[in-house]
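Here it is, the structure, as structure tokens.
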Amino acid sequence: MPPPKDVVKIAIQMVGAIPQLIELQQTKPLASVLKDVCDAWSLPNAERYALQYADGRQTYITESNRGEIKNGSILRLTTSPDQEAERLYSGIQSNNSDVKTDSLKKLASLSQDVTFAQEFINRNGLKQIFYIVEEGNDTGEMLAHTLKAFMELMEHDFVSWETLSAAFIKKIVSYVNMNVVDASVQQLSLSILENMVPTSRLLFELVRKEVTLDRLLTHLQVTNAQLQLKAMALLIALLLAATDAERRDMMDYLREKNIRQFIHKNIIHSSEPLGDEMAHYLYVLQSVSLNLCERRMRTSMDPYSQEQRELLQSLRQTAFESESEASASNFSTERRRSLCAKEFRKLGFMNNSNPAEDLRRAPPGLLALDNMVYFSRHTPNAYSRFVLENSSREDKHECPFARSSIQLTLILCEILHVGEPCSETAQAFYPMFFGQDHFFEELFCICIQLVNKTWKEMRATQEDFDKVLQVVREQITRTLSLKPTSLELFKTRVNALNYSEILKLRQTERLHQEETLAVPVL
């Protein structure tokens, strides 16, 4: 006959005693259970003892968590949390350095437990930790245990990060900025600052001022993977807490320092496997960087902006300068306007008399114009070839450059989640992003040429525009899912995935789905 649901069979250990095997009645008060256990071992003062798990995090058993005890659990009789907190509170104030170090080590371990942490904090234990850090000169093992204990105690959210003293923060910052200090102390100090940054604007500004980006980049370049990870964590915390303008400045500075190339070479392609935490931080860094495009993506073209009109005209001039500028100088204003409209139509603008209208839709807004201009300036031969090749085709078969660029920019924004908030758990970053400073623009340059190639493979007409861009979206997403390590590799793979390959893949997947949904299978 199985035991009642409110009874669990457990073992209880104590150092130097034979373990007790008992049936724990969950309806019986914990104090009574402890009294029975102590009586069995002839121990007086049962109130001075507690039960905790013998394995894992060794959590104390309380009335609130006792329901989690499972059959076969092994518990241990130990000093009660309040007694232990009192003992360690005295121990960390000892003049004997061995006693002090051992007490801090035990404190760091026990502080993971919420019951113990509450008892220790209630005794003003954090004040004593602050004193050890602020007044001490140790930078070794004792300090590492102190900082670990502090971190564990703060994890329980009993105390606000904003209550930390300026002297304490200054000391933590000094450990990060020191050249010769125990690596574990620097890791813990970086973690403390990382936790401080999001809690208030004041703490963000303080950390950003005292710990420079150069210093964090120095920590990123060490061989110690944990130190590297904690430096990256603080960098990400600073970027996420910054205003848009501050974030842009920080990213510009990091770009100057070639952080992407460093990450690509030394972290992504390191001999050490990339852990989940680092993968998440790289995802966030990629997301923050791509989101710098958001402002342009959400801004419509302003027909009265001289700068924007000049960018638009530059597209026309780059493509048709040689054939039109010389003769246009002799034309009347009306004739010149007519010529410009004709050239904007050849460029693939829907509204050729006022092409700015095509860019009024946001998203993709001005980001589409930026991409077109980047393509025309950085790959002028490919740009001219695209435009002139389609200018000479029959009208119904020409691939409209501008219209395709606007739609492609929108597709890339959707695929890369531009403008979306960072996920707190995602790890999906693209390794090739870190091999290139102008990733979005360079990706566009590859993909706009892919549009033209796919258009020809499909023998498309203007009516097929949406169908072609749908195929292009599929080509891009399928290739990105392979996680190519460089844009060159992406270019090779995406071009190899031609229209006929897409049709084959669709057919294979459709057959597989039909088999899966077949009546015998169901």
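Report, by chain and number, residues whose modeled amide H sits under 5 Å from the one on Thr299, excluding near sequence neighbours (fewer than 5 apart, same chain).
Leu366, Leu367
Show which lysines lie in cross-link reach of Lys346 when reach means a straight Cα distance below 19 angstrom and same-chain residues fewer than eight apart are skipped.
The reachable lysines, counting only those whose Cα sits under 19 Å from Lys346, are Lys396, Lys453, Lys456.
Compute the length gained on full extension between Ser300 and Tyr253: take 0.36 nm times their separation in residues and subtract their Cα-Cα distance, giving the result in nm to one decimal.
Working: separation 47, 0.36 × 47 = 16.92 nm, distance 2.79 nm.
The span from Ser300 to Tyr253 would gain 14.1 nm if fully extended.
Between the alpha-carbon centers of the stretch 90-114 and the stretch 393-415, tell me the distance in whole angstrom.
67
By how many nm would the segment from Glu501 to Asn65 grow when fully extended, if each residue of separation counts as 0.36 nm and the alpha-carbon distance is taken off? Walk me through the intermediate numbers first.
Details: separation 436, 0.36 × 436 = 156.96 nm, distance 5.76 nm.
Contour length minus Cα-Cα distance gives 151.2 nm.
What dipole magnitude, in Debye to the nearest 20, does the chain give about its Cα centre under +1 on Lys/Arg Cβ and -1 on Asp/Glu Cβ? Working shown, then result.
Working: 59 positive and 68 negative charges, 233 e Å.
Its charge dipole is roughly 1120 debye.
Where does helix 183-196 land angle-wise versus the long Cα axis of the chain, in degrees 0 to 90, nearest 10?
For 183-196 against the chain, the angle is about 70 degrees.
Find the percent of Cα-Cα distances in the stretch 1-104 that exceed 24 Å, and round it to a whole number. Could you put the intermediate results ahead of the total?
Numbers: 1630 of 5356 pairs.
The answer is 30 percent, as a whole percent.
Let me ask something additional. Looking at this model, which pairs from Lys35/Lys127; Lys209/Lys257; Lys265/Lys504 are more than 26 angstrom apart at the alpha-carbon?
On the way: Lys35/Lys127 34 Å; Lys209/Lys257 18 Å; Lys265/Lys504 36 Å.
In this structure, Lys35/Lys127; Lys265/Lys504 lie more than 26 Å apart at Cα.
Here's another thing I want to ask about it. Using alpha carbons only, what's the Rg to Rh ratio of the stretch 130-216 with Rh from Kirkwood? Intermediate results must be reported in sequence, preceding the final value.
Details: Rg = 12.1 Å, Rh = 13.1 Å.
Taking Rh as the inverse mean 1/r over Cα pairs, Rg/Rh reads 0.93.
Please give the length that would be gained between Lys483 and His397 if that part of the chain were fully extended, namely 0.36 nm times their separation in residues minus their C-alpha to C-alpha distance (nm, one decimal). The partial results should precede the final answer.
Numbers: separation 86, 0.36 × 86 = 30.96 nm, distance 3.37 nm.
Separation in residues times 0.36 nm, less the Cα-Cα distance, equals 27.6 nm.
Another question, then. Tell me, rounded to the nearest percent, the portion of alpha carbon pairs in the chain spaced more than 36 Å apart.
Working: 74275 of 135981 pairs.
The share of Cα pairs beyond 36 Å in the chain comes to 55 percent.
As I understand it, the value is the acute angle between the Cα axis of helix 244-256 and the longest principal axis of the Cα atoms of the chain; what does it come to in degrees, rounded to 10?
80
A further question follows. Spelling out what I want: for every residue of the stretch 271-283, take phi, set θ = phi - 60°, compute 6.51 cos²θ - 1.76 cosθ + 1.60 (Karplus), and round to whole Hz; glycine and proline get x.
5, 7, x, 7, x, 4, 5, 5, 4, 5, 5, 5, 4
Related question: Could you list the trypsin sites (Lys or Arg not before Pro) in the stretch 154-217 that lie in coil according to DSSP, counting only those with at most 10 other Cβ atoms within 10 Å of their Cβ? Mind showing how you got there, number by number?
On the way: sites: Lys170, Lys171, Arg201, Arg208, Lys209, Arg215; in loops: none.
Passing sites in the stretch 154-217 do not exist.
Would you mind checking the tilt of helix 225-241 against the longest principal axis of the Cα atoms of the chain, expressed as 0 to 90 degrees and rounded to 10?
Here the helix axis deviates by roughly 60 degrees.
I need to check one value: relative contact order of the chain, counting alpha carbon pairs closer than 8 Å and at least 6 residues apart, in percent. Please report the intermediate quantities before stating the final value.
Values: 595 pairs, mean separation 45.0, N = 522.
About 9 percent, as a whole number.
Okay, moving on. Express as a percent, rounded to the nearest 5, the fraction of DSSP beta bridges in the chain (both residues included) that run antiparallel.
Values: 12 of 15 bridges.
Antiparallel bridges: around 80 percent, rounded to the nearest 5.
None of the figures in this text is laboratory data; all of them are computed from the coordinates on show. Model, not experiment: these values are computed from the prediction. As a convention, Cβ positions derive from the backbone with ideal geometry for all residues, glycine included, and neighbour counts pool all protein chains shown.
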